[in-house]
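A.B. asks: Quick one: the structure is below, questions incoming.
Each value in this text was obtained by applying a stated rule to the coordinates, not by laboratory testing. All values derive from a computational prediction rather than experimental measurement. Note that we place each Cβ from the backbone using ideal geometry, even for glycine, and neighbour counts take in every protein chain shown.
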Amino acid sequence: MGKVLSANLGYPRIGEKREWKRALEAFWAGKSSKETFLETIKTLRLSYLKKQKDLGVDLIPIGDFSLYDHVLDTAVLFGLIPDRFQTDEKEIALETYFSIARGNQDAEASEMTKWFDTNYHYIVPEISNDTKPHLTKNRLLDLFNEAKNELGIVGKPVIVGPITLLKLAKGYDSDHFDTLLDALLPLYVQVLAELQEAGAEWVQIDEPILVKAQSEEDLAAFSKAYAYIKKNVPELKLLLQTYFEALDHYQEVTALPVDGFGFDFVAGKAGNLAAIKTYGFPKDKVLAAGVVDGRNIWKTDLSATFTELQTLLSAVKDHKNLWVTPSSSLLHVPVTVSNETELDPVLKHALAFADEKLGEIVVLAKGLNESEAAIYGAVEQNRADLNALQQSVHRNNAAVQAELDQLSKELPTRPASFDLRQQVQADAFQLPPLPTTTIGSFPQTKEVRQARRNWRKGEWSDSQYDQFIKEETKKWIDIQEEIGLDVLVHGEFERNDMVEYFGEKLDGFAFTRFGWVQSYGSRCVKPPLIFGDVSWKEPMTVKESAYAQSLTNKPVKGMLTGPVTIYNWSFVRNDISQASVFNQIALALKKEVHALEEANIRMIQVDEPALREGLPLKEEKKAGYLHDAVYSFRLATTFVKNDTQIHTHMCYSEFDEIIDTIDALDTDVISIEAARSHGEIIATFEDFHYKKGIGLGVYDIHSPRIPSVAEMKSYAERALNVLDPKVVWINPDCGLKTRRTEETVPALKNMVEAAQQVRAEL
Ligand code: GLN
Ligand code: ZN
């Protein structure tokens, strides 16, 4: 009858202590030779494989490891190199590879963008209508042989599938899709044939695009592609892998001529289970069941999952037709909990990062192969660990839960309409037309970061640090006055990060030491854990805002991070709904907004730069998410007085899908990133007839360039062509924390000058 196999889909690259990042950055900085670099990387890569083997994983992925990004690896494998990086190299040199990802003196890097709804960014393949795909070096073959020869591992090579690759690429016209696919397919076949020749039994082909709606033609392309591949490498077993959601076209997909299908039973649980129940599962194929969450950091409920797997087992022909896998690559979670020595043990024992998740997969497979009794100890321990967190005081804050229970279904609403508020606020603030302001942060200089380090290490006392922050704030209030800005900010010098700062001051959050995940290239982020009920303890920002306000007669904006952004940039508990967590955070922020109002801070900005990125992949889930986002934002902000002005800020430029949401937030003013894509954004707001206060960024803060007065003036004028001058504000695209003072001051002077010139022409 064979046995149920444990299989991994992808392992984190970065290393337990970010060794991978350090190796890359040393190489880029010229601090290590290519030989040393490649040697270090090889050692790391083999250690990851060995770890998976030692954990008992049956099918270990090969080729998921990357020096930058696996989509770029796939593009390079097939010679999809942007023209500006073309060389005669048959084998693409490491330098060329990194140049595509990072740019060089002569050529701009390829664009990068978010991998589905994750925080991982891939390099967008650039293909033109004339691109001729060709095989470069078969890196998968090299990696397969390496694992086999060095560790005796017969791995499962992983490759991004042809349709997903083409769909994520840009630069060609859609009517060239078929030609490009026809050119790619023989190359896929060649890669696969070489792998088979070398001894590969299974290959995992990732087609995550299948969780998004596909047209008839798309589905036809899938049929054609997989029929072609199967026909040409009939012996090799192909596992078509999907993740991040349920399939949109279950029947068509399961009819494809491959040997197995990998489905996500976490994010896509309801949809995928329902499809299997309705249509059954092809009897002779493998079902790779993604039951262990590849996107979050909690232990799997082993008992419930075991039961679920037994149901899935009954849907397939035989034990050998079922694999237990994570729901996606483990790229999206940190490496191991074992180095976290400072966490509350109750929390720590409820966590599972990549290594621990693989352990769970192995246990679950063992239970199915032997008996439930064989894994009894592990299941009981797991139950006890999860219960302990569930029963802990952190998840049983009666006050928070009572507040949540009392929330009404009705959207919280400001007592007065925008029109009325606009008049009241115009009287209260007496701002000139086209008021100028900034987004919040000013340069986080070496000194600022050093001061924070000194204080954290205990080398500086609290009062020493406070004094430093005050001086910095005062310096920048003076600078802002001198520049002539109309609405000032305190500068955010006390903040390391806009989520962590609040997380450290609220109950319900925890921070790991090594819980890093790759965001793009060597850049990693360490998201806070929202593990308990979130609650407000004491004012978090009042001291800094009130101090700044005491130094000037101009209004100073209070500065908070919104509930949805805090949620989206954290690892979040999954025992209560997303809306409940949004609202817990919002209730805490509401108290902060109230405290700011009491301290006579009359403008309060609640940043939501990550609102859009949490948008679900499935159309039918979008409205619910957006409703809950709006509800929580309004919960935190709408109770204020008419003459308290609520601002928000967002930094991206795709508003099409969320313009009604923006309007529904009912803020008095929104500032958005716009300098790089002005035309499109204006059109969106114009078509919508947006009537509330709006600042379209006139200064691209991502570049060290100092924009001229004329340039910023032209942006402002374009906005005025379609928007009522009464609602337009002038501001940069985003916070200035990454800029240097020498860039910031002259750029803002130009911005104020531009505003004055446009005002004079009104
Ligand atoms: N207020 C924040 C800042 O200026 C906003 C940052 C952001 O939008 N990402 O830094
Ligand atoms: Zn921003």
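A.B. asks: What list do you get for S653, S708, S577 if you sort them by fewest beta carbons within 10 Å?
C.D. replies: Placing the least packed residue first, the sequence is S577, S708, S653.
A.B. asks: Now for a different question. In terms of the Cα gyration tensor, with a ≥ b ≥ c the square roots of its eigenvalues, is region 285-439 rounded because a/c is under 1.5, prolate because a/b exceeds b/c, or oblate?
C.D. replies: Here region 285-439 falls in the prolate category.
A.B. asks: Sticking with this structure for a sec: Just tell me which lysines come within less than 20 Å, Cα to Cα, of K269; anything on the same chain fewer than 8 places away is out.
C.D. replies: Straight-line reach from K269, under 20 Å: K212, K277, K285, K299, K357, K618, K621, K622.
A.B. asks: Here's something else I'd like to know. So what J values fall out for region 336-344 if you push phi through Karplus, 6.51 cos²θ - 1.76 cosθ + 1.60 with θ = phi - 60°, rounded to Hz, Gly and Pro as x?
C.D. replies: 8, 6, 4, 8, 7, 8, 9, 7, 3
A.B. asks: What order do you get for E194, E235 when you list them from fewest to most C-beta neighbours inside 10 Å?
C.D. replies: Sorted ascending by nearby Cβ count, the order is E235, E194.
A.B. asks: What length, rounded to one decimal in nm, is gained on full extension from D344 through to A93, with 0.36 nm per residue of separation minus their alpha-carbon distance?
C.D. replies: Taking 0.36 nm per residue and subtracting the Cα distance, the gain is 85.7 nm.
A.B. asks: What relative contact order, as a whole-number percentage, does region 5-391 give when Cα pairs under 8 Å and 6 or more residues apart are counted?
C.D. replies: On the way: 670 pairs, mean separation 63.5, N = 387.
It rounds to 16 percent for region 5-391.
A.B. asks: Where Lys and Arg each count +1 and Asp and Glu each count -1, what net charge lies around L151 among other residues with Cβ under 15 Å from its Cβ?
C.D. replies: +2
A.B. asks: Using a 10 Å cut-off around each Cβ, can you sort E216, E608 from fewest to most neighbouring Cβ atoms?
C.D. replies: Placing the least packed residue first, the sequence is E216, E608.
A.B. asks: For D206, what residues show an amide H to amide H distance below 5 Å, using hydrogens built from the backbone and excluding near sequence neighbours?
C.D. replies: Correct list: I159, V160, G161, Q241.
A.B. asks: Please list, in chain and number order, the residues 5+ apart from T512 or on another chain whose amide H is under 5 Å from its amide H, with Hs placed from the backbone.
C.D. replies: Distant-sequence amide H within range of T512: L529.
A.B. asks: What number comes out for the charge environment of D656, summing +1 per Lys or Arg and -1 per Asp or Glu over other residues with Cβ under 11 Å away?
C.D. replies: Once positives and negatives cancel, what remains is -4.
A.B. asks: For the chain, what does the equivalent ellipsoid look like in terms of its semi-axes, each the square root of 5 times an eigenvalue of the Cα gyration tensor, given largest first in whole Å?
C.D. replies: After scaling each eigenvalue by five and taking roots: 46, 31, 26 Å.
A.B. asks: Would you work out which of T254, P234, G268 lies farthest towards the positive end of the dipole of region 228-273, given +1 charges on the beta-carbon of Lys and Arg and -1 on that of Asp and Glu, about the Cα centre?
C.D. replies: Positive-most Cα among the choices belongs to P234.
A.B. asks: Taking amide H atoms as placed 1.01 Å from N in the peptide plane, list the residues 5 or more away in sequence, or in a different chain, whose amide H sits under 5 Å from that of D533.
C.D. replies: Long-range HN contacts for D533: R395, N396, N397.
A.B. asks: In debye, nearest 20: dipole of the chain around its Cα centre with unit charges on the Cβ of K, R (+) and D, E (-)?
C.D. replies: 1440
A.B. asks: Enumerate the calculated ³J(HN,Hα) couplings along region 231-236 in order (Karplus 6.51 cos²θ - 1.76 cosθ + 1.60, θ = phi - 60°), each rounded to whole Hz, writing x wherever the residue is Gly or Pro.
C.D. replies: 5, 8, 10, x, 7, 6
A.B. asks: Give me the Kirkwood hydrodynamic radius of region 5-391 in Å, from all C-alpha pairs, to one decimal place?
C.D. replies: On the way: mean 1/r = 0.0462 Å⁻¹.
Taking every pair of different Cα atoms in region 5-391, averaging 1/r and inverting gives 21.6 Å.
A.B. asks: Under the Karplus relation 6.51 cos²θ - 1.76 cosθ + 1.60, θ = phi - 60°, what is the ordered set of whole-Hz ³J(HN,Hα) values for region 528-543, x standing for Gly and Pro?
C.D. replies: My calculation for region 528-543 gives x, 9, 9, 10, x, 5, 8, 8, 8, 9, 7, x, 10, 10, 5, 4 Hz in order.
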